[in-house]
Amino acid sequence: EKGGYETFMEKEIHEQPHAVRDTLLGRTDEDGQLILDDMRISEEELAAVDRIYVVACGTASYAGMTAKYAIEHWTRIPVEVSLAHEFRYCDPIVDERTLVVSISQSGETMDTLMAVKHARELGARTLSICNTHGSTIPRESDAVLYTHAGPEIAVASTKAFVAQITACFVLGLYLAQLRGETYADDAKQVMAELHGVPDKLESLLGTMDRVEEIARFMADSRAVLFLGRHVGYPIAMEGALKLKELAYIHAEGFAAGELKHGPIALIEPGQPVFVVVPGPDTPHELHKKVVSNIQEIRARGARTLVIAEEGDEDVVPFADEVIRVPHTSPLLQPLLTVVPLQVFALHLSTAKGLDVDQPRNLAKSVTVE
Ligand code: F6R
């Protein structure tokens with residue numbers, strides 16, 4: 001049942017190329033127009049949407065944070081990502097032109113369900129991105145976009161995460177198309193690039209031996225920090241969450257730009273820090289800025305574990321380890337950069353002799369508030 005892998009989590013990490021491929025399957029018609037499942041919202045209503053809330057918990061909320069950059073860029077609709085359990089208490093600004101997008105692997109997370117119900121009471125249109133057919137959240141929503149990651153057994157979410165990001169991209173491109181011609185060409189190009197991601201994931205997964213080794217050497221780490229910027233920021237938080245839940249190590253993800261506003265005080269000799277580096281073609285010189293963050297923490301003795309694109313030589317002088325990912329356009333990078341962080345947490349947990357698939361105190365779906 002584990003397909004030759006030691007754990008479900010390892011199997012599911014290796015199923016990520018399929019999760020992305022299958023989630024994209026059947027999403028475009030012969031004219032290249034995007035199609036969604038189960039739409040009980042009219043195109044007119046969707047075209048009129050002027051605000052989006054994403055409600056989700058944990059890893060699913062990081063998928064939402066990642067997607068926010070892409071959806072805002074393509075649609076120019078403001079997107080706010082709210083932890084589902086905070087949504088009701090923040091007096092959200094919601095009306096019938098608001099689209100509330102819930103993201104949930106299980107479709108049974110009570111916090112997320114309650115946020116969806118609250119959104120409906122306030123008159124919002126609700127759309128569920130979900131991995132489980134027939135589950136509660138899709139049934140309670142006006143529209144559904146299923147992710148096709150297949151059943152996820154390990155408690156820690158991996159393949160559902162990349163499928164959620166993929167589904168959010170499909171939604172963003174669809175909304176962009178509904179809103180006007182200008183984005184149509186963009187959409188085709190992004191879809192074409194998305195279709196190339198599964199192969200890149202496949203080749204990336206074939207290069208994870210060194211990450212496994214690093215994890216084994218780090219089994220007695222007390223704290224690990226993760227830095228990222230732009231779409232790398234939610235990935236840093238996801239890397240930290242994976243390490244907390246699987247290896248019971250204190251871990252924190254930061255926006256790299258925030259370092260100098262406080263967290264840099266945590267850097268002492270030997271402190272391991274993962275840095276997710278934006279591709280060299282990311283706008284606004286973000287690449288250069290993150291490289292100089294690496295330089296700053298290295299100068300203070302940090303052990304820098306750098307995730308960078310193939311061919312990015314600028315990081316080499318300041319990196320104790322360079323973990324390579326294939327090139328993609330900046331918004332799609334999270335689909336790749338998350339992989340080494342999942343693999344790292346998996347092997348560190350294994351090296352500590354812990355139960356990877358069933359970490360302590362956690363349940364696969366959290367059906368209480
Ligand atoms: C982390 C993890 C959790 C879930 C969260 C939401 O690895 O699995 O953070 O992502 O509990 O669960 P779903 O997506 O089922 O609503």
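The values are calculated or read from the model by the stated rules, or taken from the named source; none is laboratory data. Only a predicted model underlies this, so the values are computations on that prediction, with no experimental measurement involved. Glycine also receives a Cβ, built like all others from the backbone with ideal geometry; neighbour counts cover every protein chain displayed.
In the stretch 105-122, the residues that are more than 17 Å from Ala63 (Cβ to Cβ) reach residues that are more than 8 Å from the ligand (Cβ to nearest atom) and aromatic (Phe, Trp, Tyr) with C-beta atoms within less than 9 angstrom, at least six apart or across chains, in these pairs: Met114/Phe87; His118/Phe87; Ala119/Tyr53; Ala119/Phe87. Step by step: first the residues of the stretch 120-138, then only those that are within 16 Å of Ala149 (Cβ to Cβ) and of a type outside the set (Gly, Ala, Ser), then the one that is surrounded by the fewest Cβ atoms within 10 Å (Cβ to Cβ). Which residue is that? Only one residue fits best here, namely His133.
If you go through the stretch 197-246 and pick out every residue that is in contact (Cβ under 8 Å) with a residue 24 or more places away in the chain and more than 19 Å from Ile267 (Cα to Cα), you end up with 28.
Considering the stretch 316-369, the residues that are of a type in the set (Asp, Glu) and within 16 Å of the ligand (Cβ to nearest atom) include one that is surrounded by the most Cβ atoms within 10 Å (Cβ to Cβ), namely Asp357.
Okay, residues lined up against (1) touching a residue at least 40 places away in the same chain (Cβ under 8 Å); (2) in a helix (DSSP H, G or I); (3) within 19 Å of Ile153 (Cβ to Cβ):
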residue	(1), (2), (3)
Glu12	yes, yes, yes
Thr23	yes, yes, yes
Gly26	no, no, no
Tyr53	yes, no, no
Glu86	no, yes, no
Pro92	no, no, no
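Tell me which residues, restricted to the stretch 200-227, are among the acidic types (Asp, Glu) and in contact with a helix residue (DSSP H, G or I) (Cβ under 7 Å, 6 or more places away or on another chain). Of everything in the stretch 200-227, those that are among the acidic types (Asp, Glu) and in contact with a helix residue (DSSP H, G or I) (Cβ under 7 Å, 6 or more places away or on another chain) turn out to be Glu202, Glu212. The set of residues in the stretch 160-214 being touching a Ser or Thr at 6+ places or on another chain (Cβ under 9 Å), among the basic types (Lys, Arg) and at pLDDT 95 or above consists of Lys200 alone.
The stretch 178-285 holds no strands (runs of 3 or more DSSP E) entirely within its bounds that carry 2 or more residues that are farther than 23 Å from Pro334 by Cα. Glu30 is checked against (1) in contact (Cβ under 8 Å) with a residue 24 or more places away in the chain; (2) surrounded by fewer than 23 Cβ atoms within 10 Å (Cβ to Cβ) and fails just one. What number does that condition carry? Only one criterion is unmet by Glu30, namely (1).
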